[in-house]
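To start, the structure under review is shown below, and the notes come after it.
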Amino acid sequence: MDKEIYNYTQNRELSWLRFDQRVLEEAQDPTVPLLERMKFVAIFTSNLDEFFMIRVGSLFDMAQTDANNKDSRTGMTPKEQLEKIYGAVAPLYKERDKTYAEIKKQLSPYGICGLDFKELEQSEKKYVKKYFKEQVLPILSPQIVDANHPFPHLLNKAIYVTANLKHKESEKGKTTLGIVPVPQFVSDILVLPGHDIRYIRMEKVIMEYLNLVFEQYEVSDANYICVTRNADVSPDDEALEVNDDFRLLMKETLHKRRKMAVVRLEIAEKLTGDMEKYFCEKFNITPAQIFRTKMPMKLDYIFSIAGNLPESMKRSLTYMPFSPQNSAHVQDGSMMKQVKKRDILLFYPYESMNPFLKLIKEASVDPNVLTIKITIYRLAKKARLVEYLCAAAENGKEVTVLIELRARFDEQNNIDWSERLEEAGCRVIYGFEGYKVHSKICLITYRNRNEIQYITQIGTGNYNEKTATMYTDLSLMTANQAIGRDAAEFFKNMSIGNLNGNYDYLIVSPTSLKQKILYLMDEQIKKGNNGRIIMKMNSLTDVDFIRKVSEASKAGVKVDLIVRGICCILPGVPGYTDNLRVMSVVGRFLEHPRIFSFGTGANQKIYIGSADMMTRNTEKRVEVACPVLDDNIKSQINHYLKVMLGDNIKARILQSNGAFVKKKASEPMIDSQAVFMEEAIHAKKETPEQENGLGRWLKGLLKR
């Protein structure tokens, strides 16, 4: 193993925790509206939940089956990584609790009050008790644990109220454990009558009235708990016979996930020594895996509260409303005709996804369109895209949908959509054993007189109409026939199970994407001090890529990486990454594009696509990246990168010790996402020749 790489890399999991800490910093930012700050606490919490379910779950399995396996970037064993994770998470819990308490206190003057039972007014206590007895108590499923009532299976991320119970008529003083699941079909909170939004969480209501639940017992040590289970389970490809239904296998996989090992126990109140020992034995965990929190274990209700505020309060407590704008590069009329004339780039969420959806809708009824082919990874619960694909099939078009049923936590949604598509007559395929299809590519084939021609769309993000209003992404629509022929070859290969296709323009993992990126980096390395590399991605873990970045830095190439999440390479390490700068932006929208830029001026090469520089993406997934050939679109992307690199409000700069720090305050202050919102709003008002003052100012400011 090459240990030199340890000098300029950091552990993947610890890097991810630092990313989630940056999410928490948004919750601590006084310039962010209060309810938006609370949403960031909720996002931090759900991120941490998924981290334990997937990453900690994976290490947990590895520690049992391959204990000597060492992380290729830091040399740590699974057990050593878990110990580091538990140590790093504990202070994050305290920081989150403190942040939540501060925001909650500041929301109180606005009449938004999350209350403990003792804080309720007398009339409210009467209301809560009446509600509990009439609406909650009849549907509870309490249980004691003894010889005749075995310890129940606790569902992942479900909340349970627990207590020690002593029978009132028993003289021996023997206690037993009582467990009450908080019903999943009642609201997480009980909103109290009145004009203000005063509420109490359901687990606190149940905990208050345990004496009514366990009437023949004396109740003590009341608490509520929540287990997090390992969810890192994949379908057993080897168990799948050729004629088996992959959908059925995925349904079995989802059932299996509910029974996986516990990797974390969250508690509301401190456990007695006996109770801690009891839970550790029952869940086969150590005390290091028990985390106490003073805030809610679930915060989803914050989003519904924010959505139901009166308009006057929304203006004070939430972001100013922003709707994706109509792109200045799209005119009224046929989308197919416009794309045939010139390439069009959409920039979500600043620009609307509607032009792409309109393109598919047009294609579904155009008599000259023969086929529509698309890869799907994640879809919204309500998807116009599926309606248009189904309509196309019903109109006699050949529609092929490669849908990835293994998109983690979206499996059931994708199973449902695949059934709907099949019912409409679409041909649905599922990809490859051992390789998730994560690409975002769509191909429309049509007849122009006697010639077959193509319109191709390549994206950096999912065809998800909901997240397209929340995530930043790029979507390129082109009638370039060479790219179209590559796309047609790609879909043919996907249909016949060929991972080793050859393409002239598209670069596709697992065969050519990483190799091409490394080759393009080598071209810049040959230029030495005149070389230039800028890349934007979500995560960076691939060891071959990390080594190549270090090689470029050593050669004098100026390298900028914009990495939202995990980043295993450390910049500014003498002799290894002196010329590397890494920044991250966490803001109102989730940064999601993958952009790879090499060189400057007329010789610059830009690719956009679906892949992060992670080993799973470059070697274990089907990903597609596409060259940007249109000069106007190159200019758009260059402007985007310059603004991002100039951000000095939401940007954090990675240090050589793995910490992120804010840029030093300087004028003018630039919030990149605010700039893009402003530009999108004003873009329709001015032609490119009448470029707005903000655009000219930024171009001058951000020259480097």
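Quick look at the numbers
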quantity	calculated
Value of relative contact order over the stretch 1-81, rounded to a whole percent, pairs C-alpha under 8 Å and six or more apart	34 percent
Cα-centred dipole magnitude for the chain, charges only on beta-carbon of K, R (+1) and D, E (-1), debye, nearest 20	1440 debye
About the Cα centre, charge dipole magnitude for the stretch 507-701 (Lys/Arg +1, Asp/Glu -1 at Cβ), debye	380 debye
Helical mean residue ellipticity (222 nm; -39500 (n - 2.57) per DSSP H run of 4+; nearest 500) of the chain	-11500 deg cm²/dmol
Point-charge dipole on Cβ atoms (K/R +1, D/E -1) for the stretch 171-214, about Cα centre, debye to 20	140 debye
Rg(Cα)/(2.2 N^0.38 Å) for the stretch 69-145, N = residue count	1.91
Förster radius 25 Å - calculated FRET efficiency between R408 and K70 (Cβ-Cβ, nearest 0.05)	0.50
Scaled radius of gyration (Cα, divided by 2.2 N^0.38 Å) that the stretch 48-182 gives	1.54
Packing-based exposure ordering (other Cβ within 10 Å, fewest first) of C280, C626, C226, C567	C280, C226, C626, C567
Helix 34-50 axis, angle to the chain major axis (alpha carbon atoms, nearest 10°)	90 degrees
Between the stretch 169-211 and the stretch 67-113, the alpha-carbon center distance in angstrom	27 Å
Computed over the stretch 351-408, Kirkwood Rh from alpha-carbon pairs, angstrom	12.0 Å
Selection from A683, Y640, V543, by position along the positive dipole direction of the stretch 507-701 (Cβ)	V543
Cβ-Cβ FRET estimate between M470 and K129, R0 fixed at 41 Å, reported to 0.05	0.55
Distance between modelled label sites at E619 and A602, nm, 7 Å Cα→Cβ extension	4.1 nm
The chain: antiparallel DSSP beta bridges as a percent of all, rounded to 5	70 percent
Qualifying chymotrypsin sites (Phe, Trp or Tyr not before Pro) in the stretch 107-214, DSSP loop, other Cβ atoms within 10 Å at most 13	F185
Residue exposure sequence - L34, L506 - by fewest surrounding Cβ within 10 Å	L34, L506
Contour excess over end-to-end distance, with Cα ends at D416 and K294 and 0.36 nm allotted per residue	40.1 nm
Label-point gap, in nm, between K270 and S108 - each point 7 angstrom along Cα→Cβ	2.4 nm
Within the stretch 507-701, percent of DSSP bridges classed antiparallel, to nearest 5	65 percent
Dipole axis of the chain (+1 Lys, Arg; -1 Asp, Glu on Cβ), positive-most option in Q331, L389, A555	A555
Sites F185 and E523 - FRET efficiency at Förster radius 41 Å, r taken between beta-carbons, to 0.05	0.10
Residues of type lysines that K130 reaches as a straight line, Cα spacing below 19 Å, ignoring anything fewer than 8 places off in the same chain	K118, K204
The stretch 335-496: relative contact order as a whole-number percent, Cα under 8 Å and 6+ apart	31 percent
Once the Cα gyration tensor of the stretch 335-496 is diagonalised, semi-axes √(5λ) in Å	22, 19, 15
In degrees, nearest ten, helix 78-107 long axis to first principal axis of the chain (Cα)	80 degrees
More than 18 angstrom apart: percent of Cα pairs within the stretch 605-663	59 percent
Subset of K270/K662; K125/K298; K381/K662; K314/K642; K358/K516 violating a 26 Å alpha-carbon distance limit	K270/K662; K381/K662; K314/K642; K358/K516
On Cα atoms only, tilt of 672-683 relative to the major axis of the chain in degrees	60 degrees
Loop sites in the stretch 372-430: chymotrypsin sites (Phe, Trp or Tyr not before Pro), DSSP, at most 16 other Cβ within 10 Å	F409
Relative contact order (%) - criterion: Cα under 8 Å, at least six apart; region: the chain	11 percent
Principal axis dimensions, largest first and in whole angstrom, of the stretch 510-656 by Cα	37, 36, 34
From the C-alpha gyration tensor of the chain, square roots of 5λ in Å	46, 29, 28
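Values quoted throughout were computed directly from the atomic coordinates according to the rules given, and no laboratory measurement underlies them. The model shown is predicted, which means the values in this text are computed figures rather than measured ones. Cβ sites come from the backbone with ideal geometry, for glycine too, and all protein chains shown count toward neighbours.
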